[in-house]
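Structure first, commentary second.
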């Protein structure tokens, strides 16, 4: 699949009809983290029904398609005046083409279109490669949190401002 040019991709807003494909894409993309994250990622509990319900409540999602098939996605929701991105997912067979960066750029464009001040995300402390990616895209750490039941930080909050004040 990696010989297909990135330009053949289509990024579009998700609809509730995409929920099964979103759930399957998230499960396949996060499979590499099974057993690596403590506590286990909530991504493993995502269902088509749950995603459809989130979309119905006003959450958003962006889908990356190639030849009509979903190869990546990201979920979004407004949080404290910013657009929060979560469940950034790229199928293993479609990695190495810059899809994650394109999905993040699409979230940033959506945030700008809504007049929001920035983009936020959370990344696990143990996923240093993901931290490096987000740092390279202009995100900076804003704090650390512990999941319930843990006495040490397990997650890093990151934010990228979209415009300088003034």
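Restricting the search to region 34-45, which residues are assigned to a helix (DSSP H, G or I) and out of contact with any strand residue (DSSP E or B) (no Cβ under 8 Å at 6 or more places or on another chain)? Once the filter is applied, which keeps residues that are assigned to a helix (DSSP H, G or I) and out of contact with any strand residue (DSSP E or B) (no Cβ under 8 Å at 6 or more places or on another chain), region 34-45 yields 42, 44, 45. Restricting region 148-163 to residues that are modelled with pLDDT of 90 or more and loosely packed, with under 15 Cβ neighbours inside 10 Å leaves a set whose member that is nearest to residue 124 (Cα to Cα) is 153.
So if I check each of 133, 116, 121, which one is surrounded by 13 or more Cβ atoms within 10 Å (Cβ to Cβ), within 18 Å of residue 84 (Cβ to Cβ) and either more than 14 Å from the chain's Cα centre (by Cα) or touching a residue at least 40 places away in the same chain (Cβ under 8 Å) (or both)? The unique qualifying residue is 116.
If I ask for residues that are in contact with a strand residue (DSSP E or B) (Cβ under 9 Å, 6 or more places away or on another chain) and either free of Cβ contacts under 8 Å to residues at least 60 places away in the same chain or in a helix (DSSP H, G or I) (or both), which ones from region 153-166 would you list? Talk me through it step by step, then tell me what you get.
Filtering region 153-166 down to residues in contact with a strand residue (DSSP E or B) (Cβ under 9 Å, 6 or more places away or on another chain) leaves 153-163.
153, 155, 156, 157, 158, 160, 161, 162, 163 - these are the residues of region 153-166 that are in contact with a strand residue (DSSP E or B) (Cβ under 9 Å, 6 or more places away or on another chain) and either free of Cβ contacts under 8 Å to residues at least 60 places away in the same chain or in a helix (DSSP H, G or I) (or both).
Based on what the data block shows, is residue 72 touching a residue at least 24 places away in the same chain (Cβ under 8 Å) and either within 18 Å of residue 120 (Cβ to Cβ) or in contact with a helix residue (DSSP H, G or I) (Cβ under 6 Å, 6 or more places away or on another chain) (or both)? Yes: the conditions hold for residue 72. Looking only at region 10-20, residues that are part of a helix (DSSP H, G or I), surrounded by fewer than 18 Cβ atoms within 10 Å (Cβ to Cβ) and touching a strand residue (DSSP E or B) at 6+ places or on another chain (Cβ under 9 Å) come to 0 in all. Assessment of region 55-77 against the conditions (modelled with pLDDT under 95, surrounded by 18 or more Cβ atoms within 10 Å (Cβ to Cβ) and more than 28 Å from residue 159 (Cβ to Cβ)) yields at least one matching residue. From the list 166, 143, the lone residue that is exposed (fewer than 12 other Cβ atoms within 10 Å of the Cβ), out of contact with any helix residue (DSSP H, G or I) (no Cβ under 6 Å at 6 or more places or on another chain) and modelled with pLDDT under 95 is 166.
With region 46-140 as the region, which helices (runs of 4 or more DSSP H) entirely inside it contain at least 3 residues that are in contact with a strand residue (DSSP E or B) (Cβ under 7 Å, 6 or more places away or on another chain)? Write out each step before concluding.
Values: elements: 48-56, 99-113, 128-136.
Of the helices (runs of 4 or more DSSP H) lying wholly inside region 46-140, those with at least 3 residues that are in contact with a strand residue (DSSP E or B) (Cβ under 7 Å, 6 or more places away or on another chain) span 99-113, 128-136.
When restricted to residues that are under 16 Å from residue 109 (Cα atoms) and crowded, with 16+ Cβ neighbours inside 10 Å, region 80-96 contains 6.
The values are calculated or read from the model by the stated rules, or taken from the named source; none is laboratory data. Because the structure is a prediction, the values reported are computed rather than measured. FYI the Cβ positions are ideal-geometry reconstructions off the backbone, even for glycines, and counts take in every protein chain you see.
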